[in-house]
Amino acid sequence: MIVYMIYLENGGKGNPVCKFVALLPLIDGKAETKFNVLIGLLQQMELPFDRWIGFASDGASCMRGVNNGVLTKIRQYVPNIIGVHCVAHREALVVSDACEKFEEFSFLDAFANKVHAWVGRSTQRHEHLRKILKAFTLKPLEVLRIHNVRWLSRGKVIKRLVLVMPALLHDFKENDVNLYYMACNFRLQFLIHFMADVLVEMDRINKTFQHNHVDITHVGNALDVVIELFRKRYLGDPFGYGCKHYREFLRRLNANNELIYVNENGCTENHLLHFTSSSNTNRSENYLQSCIALAQNFIQEVICGIDARFNDLPLFNAAKLFSPKSYDKDVVIRDQTHKLYLSRLCEKFSFGQNALVDSFQCEIEVDRFCLQLHKANPSFDFHDAWSHCCEQISWYESFPNLMKMWQALLVISVSTTACERGFSKQNRIKDDERSSLTLKLWKILCSYHCHRLMH
């Protein structure tokens, strides 16, 4: 189990730092084992539990199980701890969950992996595909495989399929009749191009959720943007407005339901698309509408999935109390919003015997605090404002409760991607040629990578 910690430099009056702490050996994957090892580490480091603000992990039941998960056990020591399921992981699961509800999307995944296997089985096929790509004036791109444990793999694979599709159809037509028939399925081609556009947007916000220091106030904004974008593009009229790959699919589709590609010599290649259900001779338009209906149902599932998986957004958004950039221009609305934000934050930080702040004192401090923060610079975001205020003693003297609350929000980890990087190829911890790695060397490499990121 790999452990990173976020803390504030300069005795709590500096910027947040994410630091690799330890790689802990486990005898099994049980929650009890992980909990005991983690608590043992903190006791060994002599870290007081009352300074422990948050705990971020992936969504595994052993980590977040309501009855016996690691987080539940931690709450025996730290009742007020804020548990966060990694936002990048959650966002990826939204797409995965939506795909699982429609069998058509499992067929899409199966096709993508089948293409990867077909190309990868032969170096001759691989080289032949590169030549065909060149003939269509396309870059020599590799065909990728979908990995369930790689959050962004589906998006990369589908987008790559769109780019190499002219070469794939040409190759399949000559060398594999079965794969060619599968690839010429109208619904499959529709979904490949539709999903390429969807996953470009989902991957874009996922990458922002993988930064070392994710701004807690940006999470809700990023999700709101993608929800509004999807509603406009896919639930509005016309369907697919502004979608690059889907519009390209329609542009290449002629009246005979043939996909048309042009090679470097100006010659056209036509690939007749077939339908998977029987209907009348005018079925192409009806079939397109059925595909659009399927896509719209998928988008609805994605939007519902975001709402269901991100039920802690009210807390994240409440952190905008410390972000002048987010303040409403209307003073009345601003004051109402700040009262709402403060009440949400006090629910988390001002209850129990070990309450971090006094809610009554927070209410006394908040008006002047927000006015002073806004006057300092109305364009400051959450972190900019902290950098401006953190070393000024007057802020701690005038607003002791709100400054404590701000400090706590700064060290709440909303993403575990630092841990994921600890296991990734990018950190040189493992590569294609290495089959094993000692624990000692792994620790050294983790420490090296974290140091490299900081400097």
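Among the residues of the range 17-74 satisfying the criterion of being touching a His at 6+ places or on another chain (Cβ under 9 Å) and assigned to a helix (DSSP H, G or I), which is surrounded by the fewest Cβ atoms within 10 Å (Cβ to Cβ)? The extreme case among them is R64. If we scan the range 331-345, do we find a residue that is in contact (Cβ under 8 Å) with a residue 60 or more places away in the chain and within 29 Å of Q76 (Cβ to Cβ)? Taking every residue of the range 331-345 in turn, at least one turns out to be in contact (Cβ under 8 Å) with a residue 60 or more places away in the chain and within 29 Å of Q76 (Cβ to Cβ). Within the range 75-84, being surrounded by fewer than 14 Cβ atoms within 10 Å (Cβ to Cβ) and touching a residue at least 40 places away in the same chain (Cβ under 8 Å) holds for one residue alone: P79.
So which of D203, D171 is outside any loop (DSSP other than H, G, I, E, B), in contact with a Lys or Arg (Cβ under 8 Å, 6 or more places away or on another chain) and closer than 30 Å to K19 by Cα? Steps first, please.
Numbers: D171 fails: closer than 30 Å to K19 by Cα.
Selected residue: D203, the only one of D203, D171 that is outside any loop (DSSP other than H, G, I, E, B), in contact with a Lys or Arg (Cβ under 8 Å, 6 or more places away or on another chain) and closer than 30 Å to K19 by Cα.
Among the conditions (1) under 24 Å from I205 (Cβ atoms); (2) part of a loop (DSSP other than H, G, I, E, B), P378 misses just one, which is (1). Only a single item in (1) surrounded by 17 or more Cβ atoms within 10 Å (Cβ to Cβ); (2) aromatic (F, W, Y); (3) out of contact with any Asp or Glu (no Cβ under 9 Å at 6 or more places or on another chain) is not met by Y241, and it is number (1). In the set Y181, Y241, only one residue is more than 22 Å from K320 (Cβ to Cβ), at pLDDT below 95, hydroxyl-bearing (S, T, Y) and part of a loop (DSSP other than H, G, I, E, B); that residue is Y241.
Can you tell me which residue within the range 145-174, out of those that are at pLDDT below 80 and buried (at least 21 other Cβ atoms within 10 Å of the Cβ), is nearest to F111 (Cα to Cα)? Filtering first and then ranking leaves R154. If the condition is being touching a residue at least 40 places away in the same chain (Cβ under 8 Å) and either farther than 14 Å from M405 by Cα or among the hydroxyl-bearing types (S, T, Y) (or both), then the range 354-378 contributes L373, H374, A376, N377, P378.
The values are calculated or read from the model by the stated rules, or taken from the named source; none is laboratory data. Small disclaimer: the values here were computed from a predicted structure and weren't measured. Cβ atoms come from the backbone with ideal geometry, glycine included; neighbour counts cover every protein chain shown.
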